[in-house]
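A.B. asks: Structure provided below as structure tokens; questions to follow.
Just so you know, all these numbers are worked out from the coordinates, no wet-lab data involved. Predicted model only: the values in this text are computed from it and were never measured. FYI the Cβ positions are ideal-geometry reconstructions off the backbone, even for glycines, and counts take in every protein chain you see.
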Amino acid sequence: MLTIHIPYVRCGAKKFVKTESSTLAFSAFMALLIGCAGIAATLASNSQAILLDGLFNLIYFGVALVTIKVSKLASRPDSESYPFGYSYFESLVNLCKGLLIFGVAVFALVDAIGALLTGGRAIAAGIAIVYALFATMACSLTAWVMHKSLRHLRSPLIEADKSNWVINSVISAAVLAAFCLVLLLERANWQLALPYIDPLLVIGVVLLCLGVPVRMASQALKELLNKTPEETIAAPVRQAVARALADTDTQEVRVRLVRPGRLLYVIVHVVLPEASDVSVTNQDSLRARVDDEVRRYYSPVVCDVVFTANTRWAAPSCGLLVEKH
């Protein structure tokens, strides 16, 4: 494992971490800025939709500080304390992000339903419009920066941040449109409808965007449970392993894959005929060939290729001792 993993880290990790960390730091700063602006605008406008946006960004800022630390850990090689590396921390952070977004959304949904049942709430549309315009522009800018960063590096952490900022942009744009509608209704003197716009807006935005944190948390949970990655990743890797071993006489080849965060683990068990004369040097050559073929489709990757003449060592196992005959 180390002979494959360490060169990757030495070659480009330092530059990669610096770029990723600065992108995540920018995301954290924008979350703090919008969150503080949202809390201030809530005090002036009495809008729960703005309060939801402000609380969401402040919570996200706290998580972003942890995310920056994890981005540095994820590029480090494995250690005695963490023999399989630190990539699982990425999945853990994305799971927490998804659950936090989901929790805030559910809280806002319950609060908005309660407001509807008690006659709605009055808001100051002018201040709300100024905040919503600022938030829409800031969120769109941050989402664009995340998108540009993903052109140069593969990072599940930035992927999750990009999804967050896209959602935030949609929410802010919807809030801006709704507050403009409030202003028009005020001028048209439709006072009865005004108190219900803010809670209806919160309900609509939550229902529209609730699927994103659910998918984010679900994907992260699958990674933490060591589920095989999606076929768009797994199928090309299996084909690459098959090509690398095409000229080798084998009885069985088993390929197991897990992808915590950005790192793909490929474990290949190759069962050779008992009469095989493949030397250790040839086995190392085959390992290198498998690693090269897999890296054409995915990187970073750690390939463990195990050769055996006994199918027992390649067969699925629950870890219990198998009875010997």
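A.B. asks: Along the charge dipole of the chain, Cβ charges K/R +1 and D/E -1, which of 208, 47, 221 sits furthest on the positive end?
C.D. replies: The residue sitting most towards the positive pole is 47.
A.B. asks: If R₀ is 30 angstrom, what is the calculated FRET efficiency for the pair residue 299 and residue 277, using the beta carbon separation as r and rounding to 0.05? Don't skip to the end; give the middle numbers.
C.D. replies: Values: r = 33 Å, r/R0 = 1.10.
Between residue 299 and residue 277 the formula returns 0.35.
A.B. asks: For the chain, take the longest principal axis of its alpha carbons; what is the angle in degrees between that and the long axis of helix 88-117, to the nearest 10 within 0 to 90?
C.D. replies: Orientation of helix 88-117: about 30 degrees from the principal axis.
A.B. asks: With charges only on Cβ, +1 for K and R and -1 for D and E, what is the dipole size of the chain about its Cα centre, in debye, rounded to 20?
C.D. replies: Charge dipole, the chain, about its Cα centre: 580 debye, nearest 20.
A.B. asks: On a 0 to 90 degree scale, rounded to 10, what angle separates helix 48-73 from the longest Cα axis of the chain?
C.D. replies: 20
A.B. asks: What's the angle, to the nearest 10 degrees (0 to 90), between helix 2-45's Cα axis and the longest principal axis of the chain?
C.D. replies: Roughly 10 degrees, rounded to the nearest 10.
A.B. asks: Once you've got the GNM for the chain with C-alpha springs shorter than 10 Å, pick whichever of 137, 30, 146 has the biggest mean-square fluctuation.
C.D. replies: Comparing 137, 30, 146 in a Gaussian network model of the chain, the most mobile one is 137.
A.B. asks: Could you go through segment 127-132 in sequence order and give the Karplus-derived ³J(HN,Hα) for each residue, using 6.51 cos²θ - 1.76 cosθ + 1.60 with θ = phi - 60°, rounded to whole Hz, and x for Gly and Pro?
C.D. replies: Karplus-based 3J(HN,Hα) across segment 127-132 equals 5, 4, 5, 4, 5, 4 Hz.
A.B. asks: Calculate, for residue 246 and residue 84, the FRET efficiency according to 1/(1 + (r/R0)^6) with r their C-beta to C-beta distance and R0 30 Å; round to the nearest 0.05. Before the final figure, lay out each step's value.
C.D. replies: Working: r = 29 Å, r/R0 = 0.98.
The value I calculate is 0.55.
A.B. asks: Moving on. Multiply the residue gap between residue 309 and residue 225 by 0.36 nm, knock off their C-alpha separation, and tell me the result in nm, one decimal place.
C.D. replies: The residue 309-residue 225 span can extend by a further 27.2 nm.
A.B. asks: Among DSSP bridges having both ends in the chain, what percentage is antiparallel? Round to the nearest 5.
C.D. replies: Working: 7 of 15 bridges.
Of those bridges, close to 45 percent are antiparallel.
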